[in-house]
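Okay, so here's the structure we're looking at.
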Amino acid sequence: MMFTPVSAFIGLRYARSGKGNSFISFINRFSVAGITLGLAALITSLSVMNGLEAQLKQRILGLMPHVVTTAGQVPDITEKPLSDHVSDVLPYIETEAVLQSRSGLQGVMIQGLEVQQTPPFDLLRKHMVAGQLDSLKVGQYHLVIGRRLATKLGLNIGDQVRLISASASTFTPFGRLPSQRLFTVSAIYDIGSEYDDKVVLANLADIARLLRSPLEKVQQSRLYLNDAFDYQTTTQYLDRQSINYVSWRDRQGPLFDAVKMEKNMMALMLILVIAVAAFNIVSALVMVVTEKQSDIAILRTQGMSRERVMAIFLINGCYNGLKGALFGLIVGLLLVSQLNNILALAGSPIALDANGSGLPIDVQWHQIVTVTLSSTLLCFLATLYPAYKAVKIAPAQVLRYE
């Protein structure tokens, strides 16, 4: 076998020795430090970007419909593959309107809902800052608005506002008049997204009356997915069934694509940093091979095979790579766990989490394992050339002048 105890013993002895050549020892330490810092930075950046992506997913896709089908088209979610991806389907109306208060006007998107005690509404209930979501009763013309919109228009619970819908306008002797009706603010939510000043919620039947249309004519179907990012199976099924729909990708796809691209580019740059540190191992091992030519020649003349000689230098290089990857993993996990505390001590806390406590952190262990193994693999690849160079040494030529 290539990796024998003798090869491991000699390889580890070369790797741990710092007396032979201080410059080689310095390069070894430098490569270990580079791998450690690069891997720690990669783990930290990926965990922070995962947290930010999860926050965007909660804040934006928690309020925005995942998939909305047109009026009259209600897919059967008990059929596969919808049953595996869609958690619920509820009646829904979405239309644009103008919200008028005593202090100003604001264009809004109205979502007509039938509030139920189901998981799709848990997020909204959790982020209510005043009033109750269940106040959206039929015929009461109640309205649930975002905190930013309430601040902008100076609204509080119990205030009356006028909703004006141009899509349901009628022609009169005085010209074209939009449909309008007074609503009462019954609750205020705060998800912390850009939609807090754009989306208002009302009862489904009340919005149908505002639009002056029968409920069956304007009622759409809102599909809630188990995972909003896993939408393709659902949309492909709807396409095969010739069901018209609008998904969240049509509205906010570019935003999440930009976040994903930024995360991937940041990971790529940090992997290149690790690669530079890993390939410092090449320089160190080439110098070790040059310095130890006589030792290699003696081992060869004593009967050691080429494979075992190659294993010596593979173990030598991989030792530094594994050491750097292990230190990087430990430092990265410690840094991630204490990142908000470190920022607070540095006097620059960042409050981007949903509860305002700091940076959102999401450690995904499959990513941690992948980047750690990738760093180790880069170090292994860096050792191949010096190890191959070692087995090409001719013992007779090296020992001729010894």
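Every read-out reported here was derived from the displayed coordinates using simple, explicitly stated rules and does not represent laboratory data. All values reported here derive from a predicted model rather than from experimental measurement. Here the Cβ positions follow ideal geometry from the backbone for every residue, glycine too, while neighbour counts run over all protein chains shown.
Here are a few things to note about the model shown:
- The stretch 80-218: antiparallel DSSP beta bridges as a percent of all, rounded to 5: 70
- If you count Lys pairs in the stretch 67-227 whose Cα atoms are under 21 Å apart, skipping same-chain pairs closer than 8 places in sequence, the total is 4.
- Sorting W365, W248 from the fewest to the most surrounding beta carbons within 10 angstrom yields W365, W248.
- Considering only the chain, percent of DSSP beta bridges that pair antiparallel, nearest 5: 80
- Ranked list, fewest to most other Cβ atoms within 10 Å of each Cβ, for S294, S213, S375: S294, S213, S375
- R0 of 22 Å, Cβ-Cβ distance D88-F229: FRET efficiency to nearest 0.05: 0.80
- Long-range tail of P(r) for the chain (Cα pairs > 42 Å, %): 41
- Residue-span extension gain [V246 to T290] - 0.36 nm each, minus C-alpha spacing: 9.3 nm
- Extension gain, E79-R212: 0.36 nm per intervening residue step, less the Cα-Cα distance, totals 44.5 nm.
- The stretch 67-227 - Rg and Dmax from Cα coordinates, angstrom: 16.3, 55
- Ordering S242, S337 from the fewest to the most neighbouring beta carbons within 10 Å gives S242, S337.
- Extension gain (nm, one decimal) between Q236 and I157, 0.36 nm per residue minus Cα-Cα: 24.1 nm
- Straight-line reach from K260: taking Cα to Cα under 21 Å and skipping same-chain neighbours fewer than 8 places apart, the lysines in range are K57.
- Listed by chain and number, the aspartates and glutamates placed with their C-alpha closer than 16 angstrom to that of K292 are E402; residues fewer than eight positions away on the same chain are left out.
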